[in-house]
Structure formats: structure tokens, C-alpha cells
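Some notes on the structure that comes next.
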Amino acid sequence: MGGAVSEKSVSLTIICWVTSSSVAAFLCFLQLGAMASLLAGRAGFSFVAPIALTAALLSAYCLARREELPSRMRWYPAALTLVLLALSLLLSAFFYDFSWDGQWYHQLGVLQIARDWNPLSEPLRNFDHSPSQLHSQLYLRHYAKGPWYAAAAIFAVTGRVELSKSINWLILMASFLGTLAACLSGGLRRSRALGIAAVVALNPVAISELTTFMVDGLMTSSLILAIVATVSAMRQPRLAVIATAMATSIVCINSKFTGLIYLCFLFFAVGIWCLFEARQLLARYAYATAATLVLSACLWGYNPYITNTLYRHQPFYPILGSEKDPSLAEQGNDGNEKYETPKNMVGRKLPVRFVYSIFGRPGNQPYREGKNASLMWPFTAHMHDLYSYTYQESRVAALGPYFSACFLLSLALAVWLLFELDFSSRWLLVLALATIVASLLISKDSWWPRYGPQLWLLPIVPTVLAFGETASRLQVRLTWGLIALLFFNAGIVATVRFNWETRASLILRHQLRDLRNSGQEYEFSTRFFDDSATERLTEAHVRFRDLGMTKLPKRQELESVVEGYLDAIRYRAVGEK
């Protein structure tokens, strides 16, 4: 891929790799430190975040020294890590989490760990304090908890729960830096490396969930970073690259169950490549992969992977089940199929679902604009269709209104490259595309990009090879056009999403200020957002009574969910009828 790395790019490459490694290490140390504190009876829990940050910064300096950065530049990665952290905290402080799942059980998991729950010693705790807790009990007990540990540690030291979602911003920035470093170390020109790194990092799934406690975006960014670091380690097995690959794999595996599954596809594909192209690396690669998987699932991932196996006889429960403990689907409680899938896609085969996902008109059916998804020709989206991107987890055409056009252009580019590339590059292209496609076929829900975010990488893979030094001028121009269209497409999603998010955050901030300044006491129907709403109101110093599931008239609503979703928070002054 490309030619030799220019001397000017060497230092930048090292800084990017070390910074990415530092960010990933910070998240790993946050989780491990939180777990250690819980095992020690919560000793020093409020010091976990500062200690984790110090350890990450020290690792950055040591790696910079090991990579032989010039003395005057060895502090650059640590300084850049601090800048990224400060920026992430500021952005998280401004934006509120308005996602349904984030306010429902993700924030609840963070708050419970920060307060009095130890998932290591009490994995099957009863959450029956309120109906909303009981409703989310299954997910609290059995889902991956890496982001919750990290967020709880940040919350313990800051006292503001919204700051805890800064980990989303951090890992997205690290994914950009890691992809940039991988492209530069692969010999791509700096402009081309920047273009690819930008469109890879700006995965619409990741940018749509940046302001939330949802974990699909975090898993997406960590998966991207793990991919580029693992592939780069095959070319240049330097410590900073290997450390990045292992640390981000730990983050990815402990973000979602699918993080582990998708990484196994990556590891298998790289192992196939080693078998035919670099057999001398195969044994070391196998050892490193096995060590990463064991550490990720057995140490960092003790809950849920080990606890689910011990108590439910299935590490991926409740997505998969056992004879004694059937899965949600086997119980007839598949929520995604019942409530989240457009009605004309329910029960359809996966290829049909992907046709709607890629070539569908942007929409968030069945919650808004009807119950059924519809198809459209590329480049025919209307301005009204863009409402879909106000949602944190858009469904139909969630990867952008022009992703279908990007997909077709990349398909043409890939076919063209198959006739132009040498055998080694040709089979590398086929292997990469086949791995992505295969990983998308394991679940009937992967049509929804939050469950199959690697779909975004399909049109990007051919651009990496087309930017090689052997590409023709026409191929390079087509590739730049595809990169520009992908960037514009992601920009539309980001613009719509953050325009809504900014307005909603300002409205909520003004509402909370007015409620506080009124001096009155209010009754709030928090419904399924009991704990997260209670924490939000408490931090805003609003006097309130929580009515829980009790419904109130629609006269006064607190800004809480995107239009079309149920159970927005309502309130009234005490004594008001």
C-alpha cells in the first residue's frame, strides 16, 4: 500500500500511534481501576480516574521514548492526550443525553456502579427499587459494562454525570489519529491519509451517538482503531502499534457483545493473511491474539462473559441462550423485531433488509412518518427526509442520504481495481471486503447500522488500495470523488444531528434554570428515565417529587427525547391540577 514513508511523516506517525495508545490505555485503566476499587470495598473509587490518567500519560511518555521520538517531542503525545480529554469534557458538559436507551438503562448502570452496586460480587442483583429499574434489570445484569465502569469512575471525581460520556469523544478522536498513522505508515501521501482517516472516523453511527451514553458509537470507534492497529502491526510490529491494538480490543470487547464477535472476524482474516503472506508471524500473532481475547473476556470482561457463563450457561445471554435459559428471541421477546423494525421488514430475509438499509429513503419507521420503510434511487433524498438524522439511532439509510451512491461508486471502483492490481493486492481487497460482508451476515439485526457499523467501511476499503502509487490518474480522481462524497454524506448526518442536539440542550438548560429560579416544587412523571432524570434534576438544584410511572397531562414537557419517541418527561407544579 503505497511507497516508503517520508521522513517528515515519521514523527507525526509516532505521535498519532502513541496518543491513540494513550487514550485506549486510559479507558482500560479506568475500567480496571474501577473494578479493583469495587473488589476492595470501594476504597479510593474517587481517585480511580486521576490515577488512570496519570498511568496513561506515563505510558505515553515511555512509548514515545521507546519509539525514539526526539527529546523535545516526547511530551507531545501526553500533551495531546490532555488536550483531547479537555475538549471531550467540555463538549460533554454542553450536550445532554437525549437518547432513549442512554437515559433508560445505560445511565442507570453508570449511576448504580457509582453509588452502591458491585457487578463483580453481585452480578444478579435485584433492581426493584422502581418499575423502571425492574424493566431494565435484564440488561443491567447481563450486558457488557466496560463503558459503565469508566463513566462511573469519571462521575465519581467530577460529580456531573454528563461529563462521563466524554469517553465517546475521546475514542472517536483516537480512531482518527490511529487511522491517520496507519495510512502514513503504509506510505500514503499526507493529503490522502487525512482524507481516508476523516471518512473512517466520521462513521455516522459514531457521530450520532457522541452526545449520549449509548455504546454503539464507542464500540464502532474502538473497532476501527483495533482494525487499523492490528493490520499495521503486521507490517510494522512496533510496541506502540501493538499496545494500541490490544488496548482498543479490550475496550471494544467490553463495550458490546458484538465487539467480541466482530473482532474475531478481524483476527481470523488477519490470521488467513499471515498464513499465506507472512507465515513467520503466524505463531506470534496467534499468541498475541489469544492473550488479548483472554484478558478482554476473562479479566476486564469478567462481568458479563464469565458471570453469564456461570449463571446462564451462555456468555452472550440474553442475545443467545441455553437449554435452561433461552434467549429473548426463543422466549418470543425479541424487542428489535417487535418494536424497532419497520413493519414491512419484519420477518424478511437479511438481504432484503440490507436493500432497505442502503437504498431506503431516510426514515425512522416505525416511530415516525408511518410504519413502513420505502426505497429510493440514489441522490433523490428530499430535505424533509433529513429529519431521520435528528435521531441518535436512525434506522433506514442511517449511514447518510447518499450512502447508496457511495456504495455503487465503490463497487465500480473495486471491480476496476480487480483488473488493475497485482495478485497480492487483489486478494487482499477480496479478503477485506469478504470479511466485512461475512461479519454482517451473523445477525438479522445487522441491517440497522448501530448493530452493523462496519457497513460504513465497505466503500472505503477500495479507496485505500486505489490511493496506492500504482493507481492511474483517473482512478485517483474517482477515489477523491468518492472520498469527498463520503465526507459530504457524513457531514449532512453530523450537521442535522448536532443542530438538533444543540437546540435541545439549550432548551433543556433554560428549562432547568427557570424551574430552579422559580423556587417552586414540581412533580415529574419520569417514566422509564427515573434514575437519570432524578440525577439531572438534582444536579440542576430543582425542587421536585418523582412520580415515577404516573402519567401527567401533556401540557408541560421537559426536553427529553426526539419527536416521535414515547415517554417524554412531563411535569407540573405541586398542587396544580
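The values are calculated or read from the model by the stated rules, or taken from the named source; none is laboratory data. Just so it is clear, the model here is predicted, and its values are computed rather than measured. Note that we place each Cβ from the backbone using ideal geometry, even for glycine, and neighbour counts take in every protein chain shown. Ligands, DNA and RNA are excluded from the accessible area calculation, which covers all protein heavy atoms including side chains. Shrake-Rupley method; radii C 1.70, N 1.55, O 1.52, S 1.80 Å.
Relative contact order for region 255-405: what percent, with Cα pairs under 8 Å and sequence separation of 6 or more? It comes to 13 percent, rounded to a whole number.
Extending 7 Å from Cα along the Cβ direction at Glu420 and again at Ile261 yields two label points whose distance is 3.6 nm. Which of rounded, prolate, oblate describes region 339-388, given a ≥ b ≥ c as roots of the alpha-carbon gyration tensor eigenvalues and a/c under 1.5 marking rounded, otherwise prolate only if a/b is larger than b/c? It is oblate, given that a/c is not under 1.5 and a/b is not larger than b/c. Around the amide H of Ser99, modelled in the peptide plane, lie the amide H atoms of Phe213, all under 5 Å away and 5 or more residues distant in sequence or on another chain.
Taking a point 7 Å from the Cα of Leu310 along the Cα-to-Cβ direction, the residues of region 270-295 with backbone N closer than 17 Å to it are 295.
Between Leu138 and Gln280, full extension at 0.36 nm per residue minus the direct alpha carbon distance yields a gain of 46.6 nm. Just check region 133-191 against the gyration tensor rule for me: Cα atoms, a ≥ b ≥ c as the square roots of the eigenvalues, rounded for a/c under 1.5, and otherwise prolate or oblate depending on whether a/b exceeds b/c. It comes out prolate by the Cα gyration axes. When only the Cβ of Lys, Arg, Asp and Glu is charged (+1, +1, -1, -1), the dipole of region 446-514 relative to its Cα centre reaches about 160 debye. For Lys551, the lysines whose Cα comes closer than 20 Å to its Cα, not counting residues fewer than 8 places off in the same chain, are Lys577. Just the protein heavy atoms count here, and of the accessible area of the chain at 1.4 Å, carbon and sulfur take up 63 percent.
Of the trypsin sites (Lys or Arg not before Pro) found in region 451-534, not one falls in a DSSP loop while having at most 16 other beta-carbon atoms within 10 Å. Taking a ≥ b ≥ c as the square roots of the eigenvalues of the alpha-carbon gyration tensor, region 439-577 is classed prolate because a/c is 1.5 or more and a/b outweighs b/c. At full extension, Leu87 and Asn333 could sit 84.5 nm farther apart than now, given 0.36 nm per residue minus the alpha carbon distance. Which of the aspartates and glutamates could be linked to Lys371 by a straight reach, that is with a Cα gap under 12 Å, when you skip same-chain ones fewer than 8 residues away? Counting by Cα, and skipping residues close in sequence, Lys371 has these aspartates and glutamates nearby: Glu340.
For the peptides 20-27, 298-305, 43-50, the ranking by packing is 20-27, 298-305, 43-50, with the highest mean count of neighbouring Cβ atoms within 10 Å listed first. Taking 0.36 nm per residue of separation and subtracting the current Cα-Cα distance, fully stretching the chain between His510 and Lys371 would add 46.6 nm. Using Cβ point charges alone (K and R +1, D and E -1), the dipole size of region 317-403 about the Cα centre works out to roughly 340 debye. Mean separation of Cα pairs under 8 Å and 6 or more residues apart, divided by the residue count, gives region 1-136 a relative contact order of 24 percent.
Taking a span of 20 Å or more along the helix axis (Cα atoms) and a mean Kyte-Doolittle hydropathy of at least 1.0 as the rule, the DSSP H helices of the chain that qualify are 7-39, 48-66, 76-94, 166-185, 216-235, 239-253, 257-277, 403-420, 423-440. Using the Cβ-Cβ distance between Ser518 and Glu563 with R0 set to 35 Å, the FRET efficiency works out to roughly 0.85.
In the full protein context, the chain carries 40 Å² of accessible surface per residue, based on a 1.4 Å probe and ignoring ligands, DNA and RNA.
Compare the Cα positions of Ile250, Gly481, Gly41 along the charge dipole of the chain (+1 at Cβ of Lys, Arg; -1 at Cβ of Asp, Glu; about the Cα centre) and return the one farthest towards the positive end. Most positive-ward Cα: Gly481.
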